[in-house]
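One structure is given below, encoded as structure tokens.
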Amino acid sequence: MACDENVIKNMANEITRNCQAQNITVDTDFVIYLIDLLLLNPKYGRMFSKTISRNNLEAFVNDCVHMLTSGTTSINTLKMQFIMQMNYDKLQNLIDKHLDSIDQCLRPLINEILEDDPDVDDDTAFKKLFRKISIYIILSSGLGNPGSIVTLKEGMAALESVFSLEDLKVFVALPRSEKMTQLNELMQIASGVRLFNRDCKKGGEGIPDLPFNIVDAGKACLAALSNSLIGVMQRVNSLTTAVADTITIQEETGNIIIDIPNNSELTENNYKQIFELLAFNRQYELYIRKLLSDVETMVQNGTHYVEKVKLVLEELHSSVKYKAAVPVVTVFPLFTKLWKVWRSMQNVMYLMSTVNRLMTILASIQDQMKIPYDIVEKMLEGKNVITDHDRTSSKISVTDKLSLGSLKNYVGYGGSFTTLCDKNIQFLGFCALCLSVGALVPSNMKLGLIKFKGDNYGFCSVKMATRFSKDSQRYVNEVLEFARNNPCVINLLNILENVNEVKKIDNLVTRILPKTKISDKHVQTETHPIYGYIEKNYTWDMWEWKRRACQWATIVNCQTHSTQTDYSHLRSEIHCQTVEPRDKSQQTKKDTGINTNPRDVFIWGLRGQIGYGQHAMKLNTVTDGEKQKAQVFTTCSWPCVNSEE
């Protein structure tokens, strides 16, 4: 793949800068963690399979920035996984890392001690070296702060009781490897001496009371984890009950679908939102259970170490009691033993502090989550909340047992299977078919398991188990397809290796569509569905209809003719009717016209007269709604030419 480690780091830096431009602060290591999971999807893996183009890189960066800035539930789930992956491990590995970090911090001081070679006669230099060794022992043992004068004096006195200046001169002459070995022995013996003096009430400045603190811290940690587990299980039970009954199988195609009631206001996106929220709480539950189990182990170990410290101190007291001098061979191993038990208690306290720190971080992420209670309440209408224990141990009928026994590769229930803990069950014991759409529904262990390619799979119902037995590979691929499109469930279900194996396969699942049903049927229709009626006046001839139209019109009874009259010239092309523009627009429901008054003056004699006979004639105006009778003019008011003659 073209995406090597350096390319991924560069992409992570660019994504981080783009997020900061939107006032979103993200950790570069978390971005790298996200990129590694996204590249398992061929959608992104193909972009960088051979060469890296700027367009592909820009598209990938934009998608990552959108995911990180959107603050979705899946991103919070990934953050929780990243925090636990980076800060938590097996208990012994955590202890080893802690001790290595202490050694790395003290490495410069150790090098000064091992490389220091003062002159034999220089007592000041030897005293200075002795002081350095005392400081190293105090720091390495964790028994106080050498910056305190009282603590430093106690440390130097304890060292001087087992290691004199003459022994220091011999120490300087030793090879480097032997110096380191003796330095560790001195640290254990001197620390044991200080612990014994503390028990004798003759010192112990800066040394914490671990036997008391370890028991108290264990109780507090267990109480906090138990309360967190109770809260998360209440949310998990409610969310699981809300979505468990909506996952069904199509009989024809075998597709897993979300069955939303017809009269429901909910949508498929609402259910997917609850699926993501359920995945987050399931991941939170797993981590709380893991921490709770480890803390219980710590408390047991801590109680054991407290009793062991008491026994070693009693043995030491009995060895030195009423004795002026005690052989080194007898007492030094007891000091060393006391120190080792104390170091074990220190390791337990460190583990408890780590758990408390992680609990605080996980709780802060949990507080950021907002549960859509209105949606959950609609999904829970008419349902009783069922716990995981009831769901995974519900009884099955004899008929179901018989039908399950006939399935291929069926593994019967033996009473030894558990959910969310048993590593022998694939997908953490969740129903393999419900996971195809992202619903984390626990399997019913009493239904038994189905074995496929060496892995055991559980199911929440007999119908789901029967369908999986018919086509196991298809439903396993559907889960892997969903996982690589939703990277938050990859580490949740512990299927990173499975997804990595199919990252080069583009299409893991081919969606089966329902077939269109076709059937040949005879349909008998009525011969005359409408009662018969004969129109007597019907005709097919268009000209006949035209002839009838002329008969029905009155025009056939009228005579038409053309006549030239004296008033036929009363047509003017110079007059027009206009409407003044308006500043306001009006919308009316009635179409109408405007009737305006005609001109009251016209020119007489323009046509049909010879000579000077044209003149303007004033007409009488007619008011609206009045009809004026015809008037006869007997005399002409205009001096016509004929009248003069």
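Worth pointing out:
- Residue check, residue 228 within 19 Å of residue 131 (Cα to Cα), of a type in the set (Gly, Ala, Ser) and touching a residue at least 40 places away in the same chain (Cβ under 8 Å): no
- Among the residues examined, residue 237 qualifies as in contact with a Ser or Thr (Cβ under 6 Å, 6 or more places away or on another chain) and over 30 Å from residue 140 (Cβ atoms).
- Residue within region 345-367 that is under 25 Å from residue 159 (Cβ atoms), open to solvent by 10 Å² or more (accessible area, probe 1.4 Å) and small (Gly, Ala, Ser) present: no
- Helices (runs of 4 or more DSSP H) wholly inside region 1-109 that include at least 1 residues being closer than 19 Å to residue 485 by Cβ: 28-38, 42-45, 54-70, 73-87
- In region 249-271, the residues that are of a type outside the set (Asp, Glu), open to solvent by 40 Å² or more (accessible area, probe 1.4 Å) and within 14 Å of residue 468 (Cα to Cα): 250
- Condition met for residue 459 (under 16 Å from residue 425 (Cα atoms), outside any helix (DSSP H, G or I) and aromatic (Phe, Trp, Tyr)): yes
- Within region 470-501, being polar (S, T, N, Q), over 30 Å from residue 68 (Cα atoms) and either open to solvent by 20 Å² or more (accessible area, probe 1.4 Å) or modelled with pLDDT under 90 (or both) holds for one residue alone: 473.
- Failed condition for residue 118, given (1) farther than 21 Å from residue 354 by Cα; (2) open to solvent by less than 40 Å² (accessible area, probe 1.4 Å); (3) part of a helix (DSSP H, G or I): (3)
- Verdict on residue 150 being more than 52 Å from the chain's Cα centre (by Cα), closer than 15 Å to residue 332 by Cα and in contact (Cβ under 8 Å) with a residue 24 or more places away in the chain: no
- Lone unmet requirement of (1) touching a Ser or Thr at 6+ places or on another chain (Cβ under 6 Å); (2) assigned to a loop (DSSP other than H, G, I, E, B); (3) charged (D, E, K, R) for residue 395: (1)
- Subset of region 363-391 (residues that are within 20 Å of residue 441 (Cα to Cα) and either in contact with a Lys or Arg (Cβ under 9 Å, 6 or more places away or on another chain) or not in a helix (DSSP H, G or I) (or both)): 371, 372, 380, 381, 382, 383, 384, 385, 386, 387
- Of the helices (runs of 4 or more DSSP H) lying entirely inside region 146-201, those containing at least 2 residues that are surrounded by 18 or more Cβ atoms within 10 Å (Cβ to Cβ) and of a type in the set (S, T, N, Q) span 176-199.
- Leading residue by the ranking (most open to solvent (accessible area, probe 1.4 Å)) among those in region 18-61 that are polar (S, T, N, Q) and without any contact (Cβ under 8 Å) to a residue 40 or more places away in the chain: 23
- Residue list for region 521-536, filter: modelled with pLDDT of 75 or more, of a type outside the set (Ser, Thr, Tyr) and open to solvent by 100 Å² or more (accessible area, probe 1.4 Å): 521, 522, 523, 524, 526, 530, 534, 536
- Restricting attention to region 420-452 and to residues that are open to solvent by 10 Å² or more (accessible area, probe 1.4 Å) and either closer than 20 Å to residue 284 by Cβ or in a loop (DSSP other than H, G, I, E, B) (or both), the residue that is modelled with the highest pLDDT turns out to be 428.
- If you go through region 212-247 and keep only what is touching a Leu at 6+ places or on another chain (Cβ under 8 Å) and open to solvent by less than 30 Å² (accessible area, probe 1.4 Å), you end up with 225, 229, 236, 239, 240, 241, 242, 243, 247.
The values are calculated or read from the model by the stated rules, or taken from the named source; none is laboratory data. Keep in mind it's a predicted model, so treat the numbers as computed, not measured. Note that we place each Cβ from the backbone using ideal geometry, even for glycine, and neighbour counts take in every protein chain shown. Accessible surface is based on the protein model in full, side chains and every heavy atom, while ligands, DNA and RNA are left aside. Shrake-Rupley method; radii C 1.70, N 1.55, O 1.52, S 1.80 Å.
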